[in-house]
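The values are calculated or read from the model by the stated rules, or taken from the named source; none is laboratory data. Everything numeric here is computed off the predicted structure, so don't read it as measured data. We place every Cβ from the backbone using ideal geometry, glycine too, and count neighbours over all the protein chains shown.
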Amino acid sequence: MFARGETIIQLMERLAPKHYAVPDDKIGLQVGSVAKEIKRVLVTLDVTPAVVDEAATLGAELIIAHHAVIYRPLAHLRTDTPAGALAASLLRKDIAVYISHTNLDTAEGGINDWMAEALELTGRGILEEIHTDKLFKLVVFVPETHHEIVRTAMFSAGAGWIGNYSHCSFNSEGTGTFLPQEGSDPFVGKQGKLTQVKEVRLETIVPLSSRKKVIAAMLKAHPYEEVAYDLYALDLKGRSFGLGRVGTLPEAESLDQFAERVKAAFDVPFVRMVGDGSRQVRKVAVLGGAGAKYIRHATFAGADVLVTGDIDFHSAQDALAAGLTIIDPGHHAEKIMKPKAAEWLAEQLKAKGYATEVFASKVDTEPFQLR
């Protein structure tokens, strides 16, 4: 059994929800249709003609990419332009393209975490907060016989987290009453007869990001035909998500040594370095893509070095003046997402019993060459 395209997209949005993206980011389905079964998926950083050919050779009907194929507004779709020719090639080959960009950057277990892990950073925090989960209190009334079953289902779906504590709930016993009317099919009691049942008032915390999943799990586990529950919005701050990570190396090392670490971690032939190579660094800020505007964030976080791409001349001067060193492995260091995202998606599909295969692109889309 192969997964439908909509199912694959739902899985990707479980890893990187769309609301994690920065405003106006161009994400989601950009080319083609996912209203079909997908036998093979290709994960890539960029969509180029060579990548489209690779997907066609593999027989992939869906490409999941990090960088958008349609970023700036299109005034026309002419096939004698690079953008138009690329779109035409995708449509001819019936290959859909789905984009997961800054939402994948922001997500826990996404690109910035993969980059931080590759550098062996510990005690990681967020460089810039983008999204904070809203919190809700979910109250549901459950018969004593199913109290543990419903509570476990809700916890498994993401309810019950307060800070670093999981499985948080409050449970109070009481008596529930109801009178089944004509057309009802009560779990306990009979039509036309007032019923009293020993129930538990179960209260727990639910973040917005898990709300639908938790409610669905609760309803599925609950034995009643009509479930009595309340959902209250709370004026409390939930978990924060954001761009970049700040963490600590196992031990301090020179900037020159750290540059070699970066090259090995991201499989790049060279890096650009700003700062004294003999300087000792330990606290590291890392941000995939272009991170020149995050120099102040890294400085404020107390980082010794910022690892990011596309640093310009004046930004490098600003960093030096602020006492911050920089290692620039290039924008293409984000290619770490290809095997990581492909592995994650393949595991999710396999766990659900789907035969859909997922491949990491082998095409090198780095536009720069060193001479």
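Residue selection: GLU225 fails the criterion of being of a type outside the set (A, V, I, L, M, F, W, C), touching a strand residue (DSSP E or B) at 6+ places or on another chain (Cβ under 9 Å) and touching a residue at least 24 places away in the same chain (Cβ under 8 Å). Of the residues making up the range 124-165, just one is basic (Lys, Arg), in the same structural domain as VAL214 (by TED's automatic domain parsing) and in contact with a helix residue (DSSP H, G or I) (Cβ under 6 Å, 6 or more places away or on another chain), namely LYS134.
Quick grid of which residues meet (1) part of a strand (DSSP E or B); (2) of a type outside the set (Val, Ile, Thr):
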{"site": "ASP113", "(1), (2)": "no, yes"}
{"site": "GLY123", "(1), (2)": "yes, yes"}
{"site": "LEU127", "(1), (2)": "yes, yes"}
{"site": "LYS137", "(1), (2)": "yes, yes"}
{"site": "ILE149", "(1), (2)": "no, no"}
{"site": "SER172", "(1), (2)": "yes, yes"}
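Taking the conditions exactly as written (at negative phi, acidic (Asp, Glu) and without any contact (Cβ under 8 Å) to a residue 24 or more places away in the chain), does ASP276 satisfy them or not? No, not satisfied.
Within the range 187-200, the residues that satisfy the criterion of being surrounded by fewer than 17 Cβ atoms within 10 Å (Cβ to Cβ) and touching a strand residue (DSSP E or B) at 6+ places or on another chain (Cβ under 7 Å) are VAL188, GLY189, LEU194, THR195, GLN196, LYS198. Of VAL284, VAL271, VAL305, all but one fail to be within 19 Å of LEU45 (Cβ to Cβ) and of a type outside the set (Ser, Thr, Tyr); the exception is VAL271.
Can you name the residue in the range 231-273 that is assigned to a loop (DSSP other than H, G, I, E, B) and touching a residue at least 60 places away in the same chain (Cβ under 8 Å) and, of all such residues, is surrounded by the most Cβ atoms within 10 Å (Cβ to Cβ)?
Applying the first criterion (assigned to a loop (DSSP other than H, G, I, E, B)) to the range 231-273 yields 267-271.
Checking which are touching a residue at least 60 places away in the same chain (Cβ under 8 Å) leaves us with 267-270.
Working: ASP267: 12, VAL268: 18, PRO269: 10, PHE270: 12.
Of everything passing the filter in the range 231-273, VAL268 is surrounded by the most Cβ atoms within 10 Å (Cβ to Cβ).
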